[in-house]
Structures are given as C-alpha cells and as structure tokens.
Amino acid sequence: MENLIALLVAAPLLGAAVLLCGGRRLDRVGHWLGTLLAAASFVVGAVLFADMLGRGAEERTLSQHLFSWIPVEGFQADVAFQLDQLSMTFVLLITGVGTLIHIYSIGYMEHDERRRRFFGYLNLFLAAMLILVLADNYLLLYVGWEGVGLASYLLIGFWQHKPSAATAAKKAFLVNRVGDMGLSIAIMLMFTTFGTFAFGPVLEATGETSEGKLTAIGLMLLLAACGKSAQVPLQSWLGDAMEGPTPVSALIHAATMVTAGVYLIVRSGAIFNGAPDAQLVVTVVGAVTLLFGAIVGCAKDDIKKALAGSTMSQIGYMILAAGLGPIGYVFAIMHLVTHGFFKAGLFLGAGSVMHGMNDEVDMRKYGGLRKYMPVTFVTFGLGYLAIIGFPGLSGFFSKDKIIEAAFAKGGAEGWILGSVALLGAAITAFYMTRVMIMTFFGEERWRHRATASPDQPSAEPAAETHGEHDEPHPHESPRSMTIPMIVLAFGSVFAGGFFSIGDRFMHWLEPVTRHDHGHSPLSAATVTGATMVVLIIGVALAYVQYGRRPVPVTAPRGSLLTRAARRDLLQDDFNHVVLVRGGEHLTRSLVYVDHTLVDGVVNGTAASVGGLSGRLRKMQNGYARSYAVSMFGGVAVLIAATLLMRAV
Amino acid sequence: MSASAVHSLWTMASAAAPGDAIDKIDTPTIEYAQLSPTLIVIGAAVLGILIEAFVPRKTRYYAQVFVAVVALTAAFAAVVGLAANGYGTTKAHIAAMGAIAVDGPALFLQGTILLAGLVAIFTFAERRLDPVAHGNRVDSFAAQAGSVPGSEGEQAATKAGFTTTEVFPLALFAVGGMLVFPSANDLLTLFIALEVFSLPLYLLCALARRKRLMSQEAAVKYFLLGSFSSAFLLFGIALLYGYAGSVSYGTIAKVIDGSVQEINPALADTMGNDALLLIGAAMIVMGLLFKVGAVPFHMWTPDVYEGAPTPVTGFMAAATKVAAFGALLRLLYVVLPGLRWDWRPVMWGVVILTMLAGAIVAITQTDIKRLLAYSSIAHAGFILAGVIAMTPDGISSVLFYLAAYSFVTIGAFAVVTLVRDAGGEATHLSKWAGLGRRSPLVAAVFAVFLLAFAGIPLTSGFSGKFAVFKAAAEGGAGALVVVGVLSSAIAAFFYIRVIVLMFFSEPKADGPTVAVPSPLTMTAIGVGVAVTLVLGVAPQYFLDLANQAGVFVR
C-alpha cells in the first residue's frame, strides 16, 4: 500500500511535465489530461484513505522511502514520504478540491489561448503541495514549500500582459521570500540542534532540548507560516494575488496553499509545545490577523479582494487555534478543511458572477443578480451561511470550537483571545452579509451604469474590450462550472456536522496531535450563545447599512478607518516607508561607505603597492656587478641567519 | 691518461689475488637500463654534433629536429617504462655506484622535463614566424653565432641561408643535465649536472636572431652570475665534504643526525664542525635558489628572460625550474632534514620575500617577457612554500605544481612569439592593447594561461596553488599561506590587467600582427591549453600520481 504514496505526487507531476513541455499539439486535450491526472491523484488518495480506515488508530501511519537525496557523512537527506492522519486529511482536501477546480477551470478558462499552460501550472501546484504535506522531513517539505511558491507566482502572474498581474506576482514572490528565509533558518537550527531534520527524530527530541532553542526554531517556523499564510506582518501579498484567475484564487489562495502555514505549525506541534513564548506569539499573530483581515474585508468593493480579506481573517482563526497548543490543533485543522470547502465555493461563486458580468469585479456595479444566476446564488448563499457560522453548517462547528478553545486557554490570555475571536465572528458576519447583499440583492446597478454616469471613466479592462456602453448580460455559468460549486456547497453544509458529531474528526487526528480539552471558564452553551448574538448583530448592521439603503455606484469617501481599510490598513504605505525608504537609505549609506572608506582603503593599498613596485624596480638597474653584490649580500645574510638560528 | 695506462690499471686490479694486502676494487656496476632516459638524451646530443659535422647544411635542420624529437620521445617512453616496472615505488633504489637515485620524484620530474623539453623543441623548430629572408625560412636563432651583430658578416650569413642548427644538440645536452640534476645522489654529480645543463643554456641565450646585442648581454650576465653562484655551490660542497667526509647524500645525512660517527683521519680537524655544515649547506642551497630564481638571487631572471630568444626563455623558465626544484627537494628532504630547525626559519624569509617581491615588482612592468619573468619569481615563491612544508604532501604538491606550471609557461612564451611587428616580437605591453579584437583566439588562449598563472579555479594554476598552500598550511606554515594568498591577489592584478588590455582597449592603428604559426608552435600552445584545462578540471588522477611518486629513496 505504501508504494502508492509516490503515485499521489507522480500523477500531477507527470501532468505538469507533459503539459509544459508538450507544446501546442496538446492544446486541444491539455485541460482534459490535467483534470484526469488530478482526479487520478484523488482516486489514489481515496484508496489510501479507505486502506487507512481499515487499520487501528495507532497503526495508520505509512511511510515510503524513495531514495537518498544528499547522502553525506553526518548529513542525511532522504526523499521519503510519510502518510499519517494529518497528511491524509490534506491529501484528500488538496486532490478533492483540486480536482473540482480543475473541472471548473475547463469552463472558466475556455477562451484563454494559454489554457494548456494554465493546467500545467495547476498540476505543478498539486504536485508541490502534495510533496509539502507528504514529506517526512523538513528539507523535503521545504522543496514542496518552494514549489507551491513557484506555482503561486506563475499563476498569479498568469495574465502577465497586465502589468498589475505581473507586479502582484512579483510582490507575492518577494514577500514569500522573507517567510521562506524563516523556514530555511529553522531547518538549519534544527540541524545544528538535533543533527537531523526528519520529523520523527526532531519531534521526539524536543523533550531534551532547551526552551530557548525551541523558541528560536518556533519563531522562525512562525515567520515561514506568516509568509505563506499571509499573516501579519507578511500579509500584504494576498490581496494583490487576486489578480490571478479566479480558480487560482479559490484553490491556492483560499483552500490549500495559504493554509500551509497552519499545517507547518500543527506538524511542528511538539516544538511549539515546548516553547510557550513562541506559542504566545503565534496566538497574537493569529488574533491580530483575524481582525486585520476582517476589517479590510469590510471596506473592499472588489468582490475577490473582500474574499481575500476574509481568507486572511479565517486563517488568522486557524493560526490562533494552532497557537493554543494541543487544545486547538484539531480545531485548526478542522476549520482549515471546512474553510477549504466554503471559501473555495465562495471564490468559485465570485468567479461565476464575474463570468456572467464581463469580468466586472466591483460589487457596487452588481446587485439583484439572484434572478439571473440562481445556481450561483444558492451555492454562494450556502457558503455565506457556512462562513458566518450559521447554526448547523460547517463554519458553525469549526469556528465555535476555536472560540471555545481560545477561552479555554485560561487566564487573561484566554479572555482576550476569546473576545477577539468573538469580535472577529461579528465582523465576519457583517462583511459577508455586505458581499451577499451587494451582489445578489437590491437594485440592478449594472443596468444604470451606462446612463447614470456616462462620464465616469471606467478602469476595468473588461469594459474596454466590450465597449464603454455595452451593458452586461448576466447569465448562469456552464455546467462544468456549476457542478464543482454544487459539490463544494454540499461540503460547506455538511462537513462541519459530519466531523463534529461524536467528535469524529478529533478521534481521527488524535494519534497525531494529542488532543487536550482544557478548562474553559465558560460553558460551551454560553460560548455558542454569545457567538449567535454577535452573529445576529453583524448581520443586522450590514442589513441596515446595505439592505435598507441603496448602494451608491461610486464609493462614498467614508470614514478615516474605511479609507485606511480600503488601502489594506495602509500595509503598503507602511512597507514603503519602513522597508523601501529604509532600504534606500541603507543602500545609500552603504554606497557612501563603499565609495569613501572601502574604495579609499583599496585604492590606497593599490597606490602604495604600486609605489613600492616602482621603487623596488629601480634596484633592477641592469648592471651585472650590482646583481652580483646583491647575491653576495644575500648569501651572507643566509649564512648569518642560519648560524643565528643555531645560536638561538 | 693514455689508453694503455688504463689497460694496465685494469689488469693490475684483476691480477691482485684475494687475500692480498691491497683491498679489492669492485668492478663499477652501471644499471644502463635504469639510466636509459639520460643516456638516450645525451647520446642523441652527441649524434646531433655528428650531424652538424657530416650532414649537408640543407638537410641538417630536418635531421636535427628528427633526432631531438625521437630521442626525447624515446627517453620519455623509457621513463614511463621504468615507472611502470615499479622503479618509482617498490623498486626505487640508488643506482650507478651511489651517484644517481632512481625513485618516484626523480622519474616524475624526468618525465616532466622530457615532455617540457619536447614541447620546447617544437617552438625551437618553428620557422614560419619570421618573414622569409633571402628565400630561406628562418627560425628565432641567429644565422651565425660568431658574427658580430649588425656586421657585414652577419648579413652574408643570413644571405647564404645559414642557420644555427646547433641549438638542438645544445638543448639536448641541457635536457640531459636536467635529467641528472634532480636524481643526483651525491654532491659531485649534482655539480656536474648543474654545469652540464647550465653551459648550453648560456649559449642558447646568446643566439637570438633579432635584438642580438640584448641577447648577448643577457647571455653574458647569465654566465657571470651563474658562474658566481656555481662557485658558491662548489665551495659549499667542499665545506660539506669537510664536515661529513663524504659527498654522498645518504652518508652526509647520517653524519648530520649522528648515526655515523666514523672519523676520516685525513679530515680529523674539520669533521663534525657545525659551522662548516651550516655555512656549506647555506651555500649549496643558495646555488639552487639562484637556479629557481628566488629572492635575493633573482636579479638575473628578468634581464635574461627578456634578452634570450623567446623559445629558449620558455624552455628555461619551465625545464630549468623543474630540475632545480627537484634538486632542492632532494637536498632538503634527503640530506638536510636533520637540520631543518636551522634552515626552515631562514627559508621562511626567502619564501616571503620571493612571493612578495615577484608579485609587487611585476605590477610596474611594461614588457610582457619581463612581466612573465617576475611572475615566474612569484611562482618560485609559491613552490618554495610547498617545498619547506617538510611533509610527504609537500613533495607531491610541488611535483604537481611543477608539472602544471611548466606547460603553462612554455605555452605562454609560445604565444609571445606570435605577436609581432616589423622589429620582431612586439613585447611592449602597450602593443598588446586590443589584441582580443584582432585575434580573439590567440588572445583567448593567452588569457587562459594568464588565468592559470593567477590561479583561477578550473585551471591547473588553481589546483597546483591549492595543493602547495594546503601542504604548507598542514606543515605548520599558516602565516606563509596568508602571505602567499596576498601575493596571489597582487599577482592577479597584473595578470588580469593584461587580459583587460587585450579585450577592453581600443586596438592601436600601428599595432602588431599575429603571425600564423606552423603546426609545431600550435602543438606547443595546444598542449599548454590542454594540460592547463585537464589539470584544472580533473586534477585527481595526476594528484594521485604525484602522491605515489612523492617518496625519496634514501
């Protein structure tokens, strides 16, 4: 059975190789091939899953050693896979959602002449992501980590003819480098501390390691997680990453890749368990990001960017849960999976809306679309209900557990974290209701667009291609797009309940994460009640602001906070002032030092050596007699020195 | 002594019956097969003299080249054969009644000298570079050595198509002496070998076709200073004999470390006198340092390298250095190891001075041949750093460095012969400006050699330098390595400066032309490039070879 593990990775990797090297003759079948291989990987995953269920809870881990990668004395790096319950969860999520999104992309990318290449990149992503979650050591994990970074870069910049997409890809890549640096430093620290970086030995040895070292490793791992999962302070790339095609946003920037940070922290649980300080920093990062993302999500008019803010916020929840330690690991992963369903569904819904609206992304130019795209409306609506935590749907179970676990952390920390999580739930309800209302309810603002404000310049490229006064004709998307949305909607509705009833998911993951219940100062019912109350407040506020009043087509100026939130809470301004300007000043001063000090020393040395050379050269005067004298002097010195040595 | 006298000596010796009062004189045994490389070369040189006497002028050149090439090839084959039969390792021993050592270092260096000599002979034989004079193709050597420069006699000799084909037997004699030099196992053999290879070199230096006055001046300087140093060497030999009562390496070494304490009654006053030992050793070492061009005995190098015909310069710079370093190695490792606490600190000083002075003075040179001369001084310093490591690695790294360095040197000087203007070779650096634009191939080849001199990775210079510095550092001379690396950095400056000059300067309007050589010079340059790259990219086989060969027989 364990020999099948490599097949999981091999199928999409083969697809990527064939599609990217195959050339134009594969243009007509490329998308089918890519989808088929993704599906094959899913089937292999399902077979392995069925096999795993057939074994006892403690015997479920499979491992496969492929080859020795870097066999050096004292440094062994293997290409080896390890499939345990945690990896299995990810494999099913990645290949399952991945296959659905492949199917969706067949319709979504139909008119793109580079569709084959797109599917090649998607397959590449699947392969890299599977390596990431299947690796049995940190070095191979790093390979997958960089692989998904590459795929993400290629896909964000897929429409590279748009300067904004090219810039966004570059930004994502650069910001991720900072995080990747953290991972590589963490791996080096592990190697010096433990002498290995295989999961098993490293995680077993944490008990005998000093807390300081574990904290250092943990913080570096957190830095890596921040980069990949768009957590404060490395969050700035995710909003811009929405320049990529929508299926990419759904798969990579919502359901799978951005959750790699959560995987990393949960996988390294033993390290964090031994480093409470690092854990505290993790929870703080999670809490700050969940508010940050939620606030940004409230102010965005671009539907995808609003959803991106939401993604950031939801991952904040997961990171927060992962930082809670054994109380929270299970819920972090559970929320990750349910979020994978409903956020992918929401993005696919957004893509479907854009598909019907000439690629318009501004929600202020939507409205009343429920009549025109009923399937999208229903699936998007179910995703919406799931994410805000409507009782009985997926998000309700997973988010509620995280809030509960935050309170269970105990002490002042528990209260603060729990309150932040509750507040986040309220804001989530607010901004998601806002998205829902602005898109599917209210006036059909797109109708009046041409007549109501004819002078208004339109910045969207879509409007340019379709002509300034061409009114969109909203319509339902083709079958290949709606079916994945329907499937994901099922997941959004039922996954949470399925996982939570009888604590199925907890028992499933327990052998890996070692669950701990903690002692909540509040009863579960109280927390659920409080969540319901803030949910209702959030929805009501949004309804009052957007449902009762007409939504202006041009965004009002808004309050200071709104304006800041529209600019992603000034993250780019902050980066510009601190990093770009600071970097410029640093380089300028370094150049100054280089010109004056370094060059001065170098040129001075060169000049003095040259001068010495000129003087020594004069000794070579061409007279054999002086040469003979120098030889005589030389031999005299030689003899004298030899005798002196003996005397000494 | 007449022939009959010799005869009577022999009969007397054999007539002396066992048990007589007169000690029996053993019949000298000569292992001809083991000495065959030297014998072949010397024999070919004698044959060359006969060719000069008996073969018509028209065909002499071809006969001489043929004999020289065949002899050097055959001698190299003999060396390889000896090495293959284990004379470099298991069967290493001292041959010819204690005069010659046949061991790994000797065979390795002999092989190197023979190959370098062969490649140098190719450049000697080159006849396509100079314009045809009076219907005759001419080489780098004067038409008639005896004619006064610029005289009518010289013109007449040129017109008559005279050539100095004696250079080939002279070169063979030099090679013969060089073969003996590193394998000499007693001080007298050492001295005779020194003279055997030095005298032909003095002559060769004087034979340039162009700039003959400079050439003759160089030869006279070389001869005067060379004799001066030979005198020191000889005096040193006398003092060492006075100290040890023997000229044999093994015996001297034993006397120094005290395992032999027999007193020769005739030398009772001097034997065991440490002053004689120290002064004698210093003088012998000085004689060898002169040959390798170490500071402060280096002054002849730039003048002679500049004045000598360029093929001869290449030959001297490569083969002489190999032979002299071989002799120095054997002297320091076999004869004087017991004295190393005395000479090592002194040699430290010599090494540092040599490396720094060579590199620093080269910076301000404007003539390419003088530049290469100073570069060879700096390299002598680097090699010396390996020599004084006093470890087995020291020996093998020096062997490797010498092999690598000699081919680069011959190749580089061969390239110098190609760049010409109306006055012959254009050696002033300013004329080399923009050469890379006009003759990219020649400039690129020269750049490869310069990079090898500078010790840039993927060239033989790097492997060699790495080996000697490693040996020096492991031998406890870390500070020396630091100075060595600093000098390398200084040296890199002027090598790279030539590359910059060739490739990034505007060519001059009246710049030199690059002559198209015959396959002979092309072979010399090609071998240089090939060895440079092979020893740079895949040095391990040759490092292993040098390692195997790195044990002296005692």
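The values are calculated or read from the model by the stated rules, or taken from the named source; none is laboratory data. As the structure is a computational prediction, the values presented were derived from the model and not from experiment. Quick reminder, even Gly has a Cβ in these numbers, built from the backbone with ideal geometry, and neighbours come from all protein chains shown. Just so you know, the surface numbers come from the protein's heavy atoms only, side chains and all, with ligands and any DNA or RNA stripped out. Shrake-Rupley method; radii C 1.70, N 1.55, O 1.52, S 1.80 Å.
Which of the following residues is touching a Lys or Arg at 6+ places or on another chain (Cβ under 8 Å) and either of a type in the set (S, T, N, Q) or buried (at least 16 other Cβ atoms within 10 Å of the Cβ) (or both): A:V551, A:V539?
Details: A:V539 fails: touching a Lys or Arg at 6+ places or on another chain (Cβ under 8 Å).
None of the other options fit; the residue is A:V551.
For the range A:595-625, which residues satisfy the criterion of being of a type in the set (D, E, K, R) and more than 7 Å from every other protein chain (Cβ to nearest Cβ)?
So the first thing to find is which residues in the range A:595-625 are of a type in the set (D, E, K, R), and the list is A:599, A:615, A:617-618, A:625.
A:D599, A:R615, A:K618, A:R625, listed by residue number.
Taking the options A:T196, A:T167, A:T192, name whichever one is among the β-branched types (V, I, T) and more than 29 Å from A:L62 (Cα to Cα). Please lay out each step first, then the result.
Details: A:T196 fails: more than 29 Å from A:L62 (Cα to Cα); A:T192 fails: more than 29 Å from A:L62 (Cα to Cα).
Residue meeting the stated conditions: A:T167.
Matching residues to (1) more than 17 Å from the chain's Cα centre (by Cα); (2) outside any loop (DSSP other than H, G, I, E, B); (3) small (G, A, S):
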site: B:T164; (1), (2), (3): yes, no, no
site: B:G177; (1), (2), (3): no, yes, yes
site: B:L203; (1), (2), (3): no, yes, no
site: B:G236; (1), (2), (3): yes, yes, yes
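Restricting to the range B:272-293, and then to whatever is among the small types (G, A, S) and closer than 22 Å to B:V220 by Cβ, can you tell me which residue is nearest to the chain's Cα centre (by Cα)? Let's see the steps before the verdict.
Going through the range B:272-293, the residues among the small types (G, A, S) turn out to be B:272, B:275, B:280-282, B:287, B:293.
With the extra rule that they be closer than 22 Å to B:V220 by Cβ, the set shrinks to B:287, B:293.
On the way: B:G287: 14, B:G293: 11 Å.
My answer is B:G293.
Only one of B:V220, B:V175 is within 14 Å of chain A (Cβ to nearest Cβ), farther than 30 Å from B:G245 by Cα and not aromatic (F, W, Y); which? Give the derivation first.
Numbers: B:V175 fails: within 14 Å of chain A (Cβ to nearest Cβ).
Criteria check complete, one pass: B:V220.
If a residue counts only when it is within 22 Å of B:V220 (Cβ to Cβ), open to solvent by 10 Å² or more (accessible area, probe 1.4 Å) and within 14 Å of chain A (Cβ to nearest Cβ), which helices (runs of 4 or more DSSP H) contained entirely in the range B:295-376 have at least 1 such residues?
On the way: elements: B:300-307, B:310-315, B:321-330, B:340-363.
Because the criterion is at least 1 residues that are within 22 Å of B:V220 (Cβ to Cβ), open to solvent by 10 Å² or more (accessible area, probe 1.4 Å) and within 14 Å of chain A (Cβ to nearest Cβ), the helices (runs of 4 or more DSSP H) in the range B:295-376 that meet it are B:300-307.
Inspect all residues belonging to the range A:55-77 and state whether any of them is touching a Ser or Thr at 6+ places or on another chain (Cβ under 8 Å) and over 22 Å from A:P247 (Cβ atoms).
From the range A:55-77, those touching a Ser or Thr at 6+ places or on another chain (Cβ under 8 Å) are A:76-77; that's our starting set.
Filter once more, so that each one left must be over 22 Å from A:P247 (Cβ atoms): A:76-77.
So far as the range A:55-77 goes, yes, one or more of its residues are touching a Ser or Thr at 6+ places or on another chain (Cβ under 8 Å) and over 22 Å from A:P247 (Cβ atoms).
If B:F493 satisfies every condition in (1) within 18 Å of B:S430 (Cβ to Cβ); (2) in a loop (DSSP other than H, G, I, E, B); (3) open to solvent by 40 Å² or more (accessible area, probe 1.4 Å) but one, which is the exception?
Tallying (1) within 18 Å of B:S430 (Cβ to Cβ); (2) in a loop (DSSP other than H, G, I, E, B); (3) open to solvent by 40 Å² or more (accessible area, probe 1.4 Å), B:F493 fails exactly one: (2).
Could you please find all residues in the range B:40-55 being closer than 20 Å to B:A193 by Cβ and either of a type in the set (D, E, K, R) or open to solvent by 80 Å² or more (accessible area, probe 1.4 Å) (or both)?
First, the residues of the range B:40-55 that are closer than 20 Å to B:A193 by Cβ: B:40-46, B:48-49.
Hit for the range B:40-55 is B:I49, nothing else.
Can you confirm whether B:A403 is among the small types (G, A, S), under 30 Å from B:D342 (Cα atoms), open to solvent by 10 Å² or more (accessible area, probe 1.4 Å) and in a helix (DSSP H, G or I)? So that I can check it myself, show each step before the final result.
Working: among the small types (G, A, S): yes; under 30 Å from B:D342 (Cα atoms): yes; open to solvent by 10 Å² or more (accessible area, probe 1.4 Å): yes; in a helix (DSSP H, G or I): yes.
Yes: the conditions hold for B:A403.
Residue-wise test of (1) hydroxyl-bearing (S, T, Y); (2) outside any helix (DSSP H, G or I); (3) on the phi > 0 side of the Ramachandran plot.
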site: A:S480; (1), (2), (3): yes, no, no
site: A:I483; (1), (2), (3): no, no, no
site: A:V487; (1), (2), (3): no, no, no
site: A:H517; (1), (2), (3): no, yes, no
site: A:A525; (1), (2), (3): no, no, no
site: A:A530; (1), (2), (3): no, no, no
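Just to be sure I understand the filter: pairs with C-beta atoms under 8 Å, separated by 6 or more residues or on different chains, first member in the range B:44-60 and within 20 Å of B:G177 (Cβ to Cβ), second member aromatic (F, W, Y) and open to solvent by 80 Å² or more (accessible area, probe 1.4 Å). Which pairs pass?
That search, which allows pairs on different chains as well, returns nothing.
Given the structure, is B:V351 under 24 Å from B:A231 (Cα atoms) and of a type in the set (A, V, I, L, M, F, W, C)? Step through it out loud before you land on a result.
Values: under 24 Å from B:A231 (Cα atoms): yes; of a type in the set (A, V, I, L, M, F, W, C): yes.
Taking the combined requirement at face value, the residue satisfies it.
Would the range A:557-570 turn up any residue that is within 14 Å of chain B (Cβ to nearest Cβ), loosely packed, with under 13 Cβ neighbours inside 10 Å and out of contact with any strand residue (DSSP E or B) (no Cβ under 7 Å at 6 or more places or on another chain)?
So in the range A:557-570, the residues within 14 Å of chain B (Cβ to nearest Cβ) come out as none.
Within the range A:557-570 (the criterion being within 14 Å of chain B (Cβ to nearest Cβ), loosely packed, with under 13 Cβ neighbours inside 10 Å and out of contact with any strand residue (DSSP E or B) (no Cβ under 7 Å at 6 or more places or on another chain)), the answer is no, since none of the residues qualifies.
When the range B:209-231 is examined, which residues are found to be open to solvent by less than 40 Å² (accessible area, probe 1.4 Å) and out of contact with any strand residue (DSSP E or B) (no Cβ under 7 Å at 6 or more places or on another chain)?
Once the filter is applied, which keeps residues that are open to solvent by less than 40 Å² (accessible area, probe 1.4 Å) and out of contact with any strand residue (DSSP E or B) (no Cβ under 7 Å at 6 or more places or on another chain), the range B:209-231 yields B:R212, B:A218, B:A219, B:K221, B:Y222, B:L225, B:G226, B:S229, B:S230.
Condition first: open to solvent by 70 Å² or more (accessible area, probe 1.4 Å) and either on the phi > 0 side of the Ramachandran plot or more than 9 Å from chain B (Cβ to nearest Cβ) (or both). Now tell me which residues in the range A:626-643 satisfy that.
So the first thing to find is which residues in the range A:626-643 are open to solvent by 70 Å² or more (accessible area, probe 1.4 Å), and the list is A:629, A:632, A:637.
Correct list: A:V629 only.
Which of the residues belonging to the range B:275-290 are away from chain A (no Cβ under 11 Å) and open to solvent by less than 10 Å² (accessible area, probe 1.4 Å)? Step through it out loud before you land on a result.
Initial filter on the range B:275-290 (away from chain A (no Cβ under 11 Å)): B:276, B:288.
Once the filter is applied, which keeps residues that are away from chain A (no Cβ under 11 Å) and open to solvent by less than 10 Å² (accessible area, probe 1.4 Å), the range B:275-290 yields only B:L288.
Which residue out of A:G244, A:G274 is of a type outside the set (D, E, K, R), more than 13 Å from the chain's Cα centre (by Cα) and over 27 Å from A:Y108 (Cβ atoms)? First the steps, then the outcome.
On the way: A:G244 fails: over 27 Å from A:Y108 (Cβ atoms).
Going through A:G244, A:G274 in turn, just one is of a type outside the set (D, E, K, R), more than 13 Å from the chain's Cα centre (by Cα) and over 27 Å from A:Y108 (Cβ atoms): A:G274.
If you go through the range A:34-47 one residue at a time, do you hit one that is farther than 23 Å from A:V148 by Cα, of a type outside the set (K, R) and modelled with pLDDT of 90 or more? It would help to see each step written out before you state the result.
Keep residues of the range A:34-47 that are farther than 23 Å from A:V148 by Cα, which gives A:47.
Cutting the leftovers down to of a type outside the set (K, R) gives us A:47.
Adding the requirement that they be modelled with pLDDT of 90 or more leaves A:47.
Yes, the conditions are met somewhere in the range A:34-47.
So A:A254 fits all but one of (1) at pLDDT 90 or above; (2) assigned to a helix (DSSP H, G or I); what number is the exception?
(1)
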